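Engineer: Could you have a look at this structure, given as structure tokens, before my questions?
The values are calculated or read from the model by the stated rules, or taken from the named source; none is laboratory data. The model shown is predicted, which means the values in this text are computed figures rather than measured ones. Positions of Cβ are backbone-derived with ideal geometry, glycine not excepted, and every protein chain shown enters the neighbour counts.
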Ligand code: GTP
Ligand code: MG
């Protein structure tokens, strides 16, 4: 079995834990408590191997470190991103400031880990608050702004909603496929 280490980074309350819980448990909590230190979860996915004639799927296991976004835990982050195969850097689409925080994390990762060894994925969360006519559009970060930045920095980029689940599985699936190919 293939095993990969994943780390989630980003400002407090952008929805890192909610994304992980959606992926691992397929559940969502409107009142999730802020993470203390970090949390560890794991999940497997199946990858279809298109390079061989075999019809058997390959199982990939993700070991996921969900870090705490509060400032006071910032110094712990290197423990979790060290040796990671992929980093999911999360911002909240409704909070412009959270994108700058995400960009700081991208810089730190590139300086400390080097991007040859690490897949970095920029994730805009809370998409449900942006395209629903009931709530009004709370979007503060335009898709193009984040997308252009991600392209410049050579990052994967997705907008997701942990609340509805939109896009969440696709993110882990494409990261898994990418890691498997390396
Ligand atoms: P820290 O652990 O403090 O770093 O925060 P976090 O990034 O883990 O955020 P968390 O997952 O705890 O979510 C913060 C709040 O945002 C919670 O009240 C969630 O219910 C809410 N939330 C998370 N994801 C979404 C989403 O996709 N849509 C909406 N509407 N709310 C969300
Ligand atoms: Mg959390």
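Engineer: Looking at region 68-182, what helices (runs of 4 or more DSSP H) fall wholly within it and have at least 3 residues that are without any contact (Cβ under 8 Å) to a residue 40 or more places away in the chain? If you could, list the steps in order and put the result at the bottom.
Structural biologist: Numbers: elements: 77-81, 96-112, 143-153, 168-181.
Helices (runs of 4 or more DSSP H) meeting the threshold: 96-112, 143-153, 168-181.
Engineer: Check 60, 45 and return the single one that is more than 16 Å from ligand 1 (Cβ to nearest atom), under 20 Å from residue 161 (Cα atoms) and assigned to a strand (DSSP E or B).
Structural biologist: Details: 60 fails: under 20 Å from residue 161 (Cα atoms).
45 is the lone residue from the list that is more than 16 Å from ligand 1 (Cβ to nearest atom), under 20 Å from residue 161 (Cα atoms) and assigned to a strand (DSSP E or B).
Engineer: Identify the residue in region 1-20 that is more than 10 Å from ligand 2 (Cβ to nearest atom), outside any loop (DSSP other than H, G, I, E, B) and within 15 Å of the chain's Cα centre (by Cα) and, among all such residues, is farthest from residue 126 (Cα to Cα). Step through it out loud before you land on a result.
Structural biologist: Of region 1-20, the ones more than 10 Å from ligand 2 (Cβ to nearest atom) are 1-7, 9, 11.
Next, only the ones that are outside any loop (DSSP other than H, G, I, E, B) stay: 2-7, 9.
Narrowing further to those that are within 15 Å of the chain's Cα centre (by Cα): 4-7, 9.
Working: 4: 26, 5: 24, 6: 21, 7: 19, 9: 16 Å.
Only one residue fits best here, namely 4.
Engineer: Can you find a residue in region 90-103 that is near ligand 1 (Cβ under 8 Å from one of its atoms) and more than 15 Å from the chain's Cα centre (by Cα)? Before you say what the answer is, go through the steps one by one.
Structural biologist: Let us first name the residues in region 90-103 that are near ligand 1 (Cβ under 8 Å from one of its atoms), namely 90, 92.
After this cut, where a residue has to be more than 15 Å from the chain's Cα centre (by Cα) as well, the list is none.
There is no residue in region 90-103 that is near ligand 1 (Cβ under 8 Å from one of its atoms) and more than 15 Å from the chain's Cα centre (by Cα).
Engineer: I would also like to ask the following. Are any residues in region 64-76 in contact with a helix residue (DSSP H, G or I) (Cβ under 8 Å, 6 or more places away or on another chain) and either more than 8 Å from ligand 1 (Cβ to nearest atom) or over 11 Å from residue 40 (Cα atoms) (or both), and if so, which ones? Lay out the reasoning, then the answer.
Structural biologist: The first filter runs over region 64-76 and keeps only residues in contact with a helix residue (DSSP H, G or I) (Cβ under 8 Å, 6 or more places away or on another chain), leaving 64-69.
Passing the criteria: 64, 65, 68, 69.
Engineer: Shifting gears a bit: For the structure I just gave you, tell me whether residue 88 is touching a helix residue (DSSP H, G or I) at 6+ places or on another chain (Cβ under 9 Å) and more than 21 Å from residue 149 (Cα to Cα).
Structural biologist: Numbers: touching a helix residue (DSSP H, G or I) at 6+ places or on another chain (Cβ under 9 Å): yes; more than 21 Å from residue 149 (Cα to Cα): no.
Taking the combined requirement at face value, the residue does not satisfy it.
Engineer: Against the condition over 12 Å from residue 69 (Cα atoms), in a loop (DSSP other than H, G, I, E, B) and either within 16 Å of ligand 1 (Cβ to nearest atom) or within 14 Å of the chain's Cα centre (by Cα) (or both), how does residue 23 come out, does it pass?
Structural biologist: no
Engineer: Among (1) crowded, with 16+ Cβ neighbours inside 10 Å; (2) under 23 Å from residue 4 (Cβ atoms), where does residue 126 come up short?
Structural biologist: With (1) crowded, with 16+ Cβ neighbours inside 10 Å; (2) under 23 Å from residue 4 (Cβ atoms) applied to residue 126, the lone miss is (2).
Engineer: Does region 28-49 hold any residues that are at pLDDT 95 or above, away from ligand 2 (no atom under 14 Å from the Cβ) and in contact with a helix residue (DSSP H, G or I) (Cβ under 6 Å, 6 or more places away or on another chain), and which are they?
Structural biologist: 43, 45, listed by residue number.
Engineer: Separate question: Within the group 103, 3, 70, which residue is modelled with pLDDT of 95 or more and farther than 30 Å from residue 142 by Cα? Even if it seems obvious, please write down each step before you answer.
Structural biologist: On the way: 103 fails: farther than 30 Å from residue 142 by Cα; 70 fails: farther than 30 Å from residue 142 by Cα.
Exactly one residue qualifies, and that residue is 3.
Engineer: Kindly indicate whether residue 64 is closer than 26 Å to residue 101 by Cα, more than 10 Å from ligand 2 (Cβ to nearest atom), modelled with pLDDT of 95 or more and touching a strand residue (DSSP E or B) at 6+ places or on another chain (Cβ under 9 Å).
Structural biologist: Yes; evaluated as a whole, the condition is true for this residue.
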